[in-house]
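These notes are about the structure you will find just below.
Each value in this text was obtained by applying a stated rule to the coordinates, not by laboratory testing. The shown structure was predicted, so the numbers you read here are calculated from the model rather than taken from an experiment. With ideal geometry, Cβ positions are generated from the backbone for all residues, glycine too; neighbour counts draw on all protein chains shown.
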Amino acid sequence: MSDIDIKIAVVEDSTDDLNNCLSLLNRYSKEKNTSFDIQTFASGDAFLMRFKSQYDFIILDINLSAMNGIDVARKIREKDEEVIIMFATNLAKYATNGYEVDAIDFVLKPLSYASFYLRLERVMKKLGKKNDNFIVVPNEGGFNKIETNNILYVEVISHDIIFHLKDNQELTTSGTLKKFEEQLKNHWFIRCNSCYLVNAHNIKRVEKLDIQLANDEIIAISHPKKKGFMESFKKYIMEEGN
């Protein structure tokens, strides 16, 4: 078996549809040698009572009898902005409502393996990227696992490396900026001067030698680093489309 353990919740009030979904998930897991940890719920209320952001992927029936799937998804997003949601529905017109809760996709009932397989491939690809989007930062008591998109910039002061985060928190560890630059280079972190490594995803504006970040903080580009920074930032714009 693979060492991947994907935690999945299936919220479905039809026994036939639930059994079909579980059968397709089981078939996929065997074909892909991937381990699924699946929990099932017969209602949105039952699911929400247990939900604590513990799942990687949620399959939601839109047409639940009490609280419909869209309302359940809204409640999910109040607690968890990252979990992957996919809707199952009898009518395609209802699935368009999934955009407001950032659902990855929808699949029509009765589920067929061909269409379900393609959607699961999208989910697995996104989960793979999600797992890559973290960096482990040592601290005195152990380590912190930080989502890279939550980092505004990394700063070095003497021998301290300071991670400045979106929620106004700071995490400090020891090391060199060069070491973390190497770890973060594939996540669009760009050196803008000798002290700062900035996350291009969280840049709002660049003007002359100033970088305005998503939290409106301004950090400086040094003259020696300007050319290299601008080349890397332009490449980011072209490849990421932001």
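Would you mind telling me the antiparallel percentage of the DSSP bridges in the range 1-130, rounded to 5?
On the way: 0 of 20 bridges.
Around 0 percent of the beta bridges assigned by DSSP in the range 1-130 are antiparallel ones.
Test of understanding: given the chain, find the longest segment containing no trypsin sites (Lys or Arg not before Pro) that are in a DSSP loop and have at most 12 other Cβ atoms within 10 Å. That gives 53-207 as the longest site-free run. Taking a sphere under 15 Å around the Cβ of Ile161 and counting the other residues whose Cβ falls inside, with K and R at +1 and D and E at -1, yields a net charge of -3.
Would you mind counting up the charge near Asp105? Only other residues with Cβ under 13 Å from its Cβ, with Lys and Arg at +1 and Asp and Glu at -1.
Values: positive: Arg119, Arg122, Lys125, Lys126; negative: Asp102, Glu121.
Net charge around Asp105: +2.
A cut-off under 13 angstrom between Cβ atoms defines the neighbours of Thr172, and their net charge, with Lys, Arg +1 and Asp, Glu -1, is -4. Positive end of the dipole of the chain (Cβ unit charges, origin at the Cα centre): among Ser222, Leu108, Val136, the Cα lying farthest that way belongs to Ser222. Modelled spin labels at Glu239 and Asn19, positioned 7 Å past Cα toward Cβ, are 5.0 nm from each other. The C-alpha atoms of the chain define a longest principal axis, and helix 223-240 lies at about 20 degrees to it.
Whole-Hz Karplus values for the range 185-195 come out as 5, 7, 10, 6, 9, 10, 6, 10, 6, 5, 10 Hz, taken residue by residue from phi with 6.51 cos²θ - 1.76 cosθ + 1.60 and θ = phi - 60°; glycine and proline positions read x. Each residue of the range 174-180 is assigned a 3J(HN,Hα), and the resulting list reads 9, x, 10, 5, 4, 4, 6 Hz, derived from the Karplus form 6.51 cos²θ - 1.76 cosθ + 1.60 (θ = phi - 60°), x at Gly and Pro.
Against the main long axis of the alpha-carbon atoms of the chain, helix 69-79 sits at an angle near 30°.
Only one of the listed values, (1) 7, 26, 25, 21, 16, 5, 0; (2) 6, 20, 20, 15, 12, 9, 7, 5, 3, 1, 0; (3) 7, 32, 37, 20, 4, 0, was derived from the coordinates as P(r) over Cα pairs in 10 Å bins from 0, in percent; which label is it? Given (1) 7, 26, 25, 21, 16, 5, 0; (2) 6, 20, 20, 15, 12, 9, 7, 5, 3, 1, 0; (3) 7, 32, 37, 20, 4, 0, the calculated one carries the label (1). For Leu152, the residues 5 or more places off, or on other chains, whose built amide H falls under 5 Å of its own are His164, Leu165, Lys166.
Among DSSP beta bridges lying fully in the chain, give the percent that are antiparallel, nearest 5. Mind showing how you got there, number by number?
Values: 30 of 50 bridges.
Beta bridges within the chain, antiparallel portion: roughly 60 percent.
Angle, helix 15-32 long axis vs. longest principal axis of the chain, Cα atoms, 0 to 90°, nearest 10? Once rounded, the angle reads 50 degrees.
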